[in-house]
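These notes concern the structure reproduced below.
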Amino acid sequence: MRNRVIAALLGVVLAATSMSVPSAAASGPGASVVRHTSLGLVKGTDERRTTGTFAWRGIPYAEPPVGDLRWRAPEPHRPWRGVRDARHFGDGCVQEGRFFSPAPSGPHYGLDIRDGLKKPVGAEDCLTLNVFRPATHRKNLPVIVFVHGGSNMVGYSADPMYDGRALARRANAVVVTVNYRVGVFGWLDLPGLKTGDPVDDSGNFGTLDQIEALRFVNRDARAFGGDPSNVTVMGESAGAVNVWALMVSPLTKGLLDKAIPLSGGLKFQTPTEARTYAEGFAEEALGSQGSPEDTVRRLRAIPAGELIEAQVRRGAEVGDPPRVLADGSVLPEDYHAAIAAGEYRDVPVLAGNTLEEGKLFGSAIGAFRPTEYERFTLQYRFDPDRPSDLRVRDLITDQYLPIDAPGGWNEAADGLTDSIFTGIVLDSMNTLRAAGNDRLFYYQFAWNQEPAPFDDVYGAVHAMDLPFVFRTFDEGVFEFAFSRRNEPGRLRLSNLMMDSVRAFVRTGSPQHRGLDTRWHQWPRSVVFDADDRWATARPGEFEG
């Protein structure tokens, strides 16, 4: 007991100076690193010999949202005694298994993700975050908080595509990745949930999780060597929708200083839409409804997996549940009016899109020939460094062939890009510019050097820029795209993009010496591209 007390006290003292706790293995790979947070001591890993970073994984920032806390605003986690193990990722939040979901066996990427498709995966006790920083003793580093994508239906912070270690080292920043509730657990608006508290009654539980994570960062950034007055919130796809939402929420004042929303924009749904869905969902889950209070009591008693199964059944009829709700308290009823009135976080913005976003969404129009199970298997097993007899026609249905013909895959995918992404980015950026924000930057990602046939099937597809921003080429959904042949060019391109992030989080501008062009403000852009050998950053302009 005496030794544990001494070790804990020593951890507190050394954490205050952002130093690792001495031990027999303190200088070796895998040695523990202890920090003192507002909730208690956390022990991470010293990975300086392998990745040049320190890492803390699975830190809880809120109480588990279970039992009576299901469909409630998150409560800050209670302080703990002793040293909490923060060497492993926490579970992804409970969700319907899809391409970007965790494996059924836990928060990791593997072939068995296919076995969880359309089934409940993850856990309800999931509100954790991960912290990565360079393995130095530098303090007051910029902080990057990353909000994962996945249509606000799926996703998890342990996805290897979001591994923050390389970005932390290259950007010389503290990188935080966050889990938050998704699907019906993240957004649900039922009469029986009303408490009289406008925040609790908003239905925006996933949004509130992200805000609670930002509050943790604000309190505890210094424990990890970060500067709480320089926090950049970054997200991709639904994560970008969430970043935009955080920018207009009245609850984020003082919590964010810059924003990097990639492939997303301002896109809220109405309480009316949410209420209609919620009532149908309750009927689906329960079979019948009683009073509003009885309905909620029964829903809270149902195992989380059964609720996901009801969500899947309901989705087959009416689609996914509404997410990110214009409730009037957590988020404004009219974000255009709020921004025009100056009621938003007027911060520098670095937005981006890939040039062929829509090529990830072929299932929506019946363009992919294999089933989701078959496509995941095929991509997982594809070796980008071996010759393959796989052809475009093996992946794309005859209706969209030839791909470059009128009505073919390229044209159809362009239509998906325009309908899903182009409009909301144009609206979001122009709304900020009209409000007087003169720190708006934008990039377009054009890299399409995958081995055939994926260069045509996917090309510069939605989310393909993320492995370049994080430099996570070795594992994940897009591993099939990265060969030894295209390695020199993509590594150079990754350097350009990561250095742009490094510059932006420090100065509010992504301009840096490595760029061959001047980065003008929106609607001008920089187009990032590379062949197999060299990377380029050329001037461009938004076309929508």
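Less than 5 angstrom separates the built amide H of GLY97 from those of LYS118, LYS119, VAL121, all sequence-distant by 5 or more or on a different chain. Remark: the stretch 321-326, residue by residue, has Karplus-estimated 3J(HN,Hα) of x, x, 9, 6, 9, 7 Hz, where x stands for each Gly or Pro and the curve is 6.51 cos²θ - 1.76 cosθ + 1.60 at θ = phi - 60°. Each residue in ILE365, ILE396, ILE420, ILE339 was given a count of other beta-carbon atoms within 10 angstrom of its own, and listing them fewest first yields ILE365, ILE420, ILE339, ILE396. For the stretch 170-270, the equivalent ellipsoid derived from the Cα gyration tensor has semi-axes of 26, 16, 11 Å, listed largest first. Summarising the amide proton neighbourhood of ALA463: residues at separation of 5 or more, or on other chains, whose placed amide H is nearer than 5 Å comprise THR354. Length available on full extension from ARG518 to ASP115: 0.36 nm per residue minus the Cα-Cα distance, which gives 140.3 nm. Proximity of backbone amide H atoms, modeled 1.01 Å from N, is registered between ALA367 and no other residue at under 5 Å, excluding neighbours fewer than 5 places apart on the same chain.
All other residues whose Cβ lies under 13 angstrom from that of ASN230 are scored, Lys and Arg at +1 and Asp and Glu at -1, for a net of +3. Only residues of the stretch 352-373 count here: report those whose backbone N is under 14 Å from the spot 7 Å along Cα→Cβ of ASP394, or say none. Within reach of a label on ASP394, which here means backbone N under 14 Å from a point 7 Å along Cα→Cβ, the stretch 352-373 contributes 369-371. Of the chymotrypsin sites (Phe, Trp or Tyr not before Pro) found in the stretch 464-544, those that fall in a DSSP loop while having at most 15 other beta-carbon atoms within 10 Å are TRP534. Across the stretch 442-448, computed HN-Hα scalar couplings (Karplus, 6.51 cos²θ - 1.76 cosθ + 1.60, θ = phi - 60°) run 8, 10, 10, 10, 10, 5, 8 Hz from first to last residue, x flagging Gly and Pro. Placing a label point 7 Å from the Cα of ASP85 along the Cα-to-Cβ direction, the residues of the stretch 31-74 whose backbone N falls under 17 Å from that point are 31-35, 41-46, 55-60.
Of interest is the spacing of the C-alpha centroids, which for the stretch 176-196 and the stretch 476-544 amounts to 36 Å.
Within a Cβ distance under 12 Å of ARG538, other residues only, what is the Lys/Arg minus Asp/Glu net charge? Computed value for this residue: -1. Multiplying the residue separation of GLU374 and ALA341 by 0.36 nm and removing their Cα-Cα distance gives an extension gain of 6.9 nm. When ASP201, ASP516 are arranged by Cβ crowding within 10 Å, least crowded first, meaning fewest neighbours, the order is ASP516, ASP201. Each principal axis of the stretch 351-541 carries a Cα extent, and these read 49, 34, 26 Å when sorted largest first.
Restricting the GluC sites (Glu not before Pro) of the stretch 242-285 to loop positions (DSSP other than H, G, I, E, B) with no more than 13 neighbouring Cβ atoms within 10 Å leaves nothing. In sequence order, the stretch 249-264 has phi-based couplings of 6, x, 8, 9, 4, x, 9, 9, 10, 8, 9, 10, x, 10, 6, x Hz under the Karplus curve 6.51 cos²θ - 1.76 cosθ + 1.60, θ = phi - 60°, and Gly or Pro positions carry x. This ranking places THR472, THR232, THR252 by how few other beta-carbon atoms lie within 10 Å of each, fewest first, which gives THR252, THR472, THR232.
Its residue count N sets the reference 2.2 N^0.38 Å, and the alpha-carbon radius of gyration of the chain equals 0.95 times that reference.
Taking every full run of DSSP H in the chain, the ones that stretch at least 15 Å from end to end by Cα along their long axis and average -0.5 or higher on the Kyte-Doolittle scale are 2-15, 205-220, 238-248, 304-318, 423-434, 487-507. Ranked from largest, the principal axis spans of the Cα set of the stretch 58-180 equal 44, 33, 25 Å.
Any read-out appearing in this document is the output of simple, stated calculations on the displayed coordinates, not a laboratory observation. Computed from a predicted structure; not experimentally measured. Neighbour counts run over all protein chains shown; Cβ positions are idealised from the backbone, glycine included.
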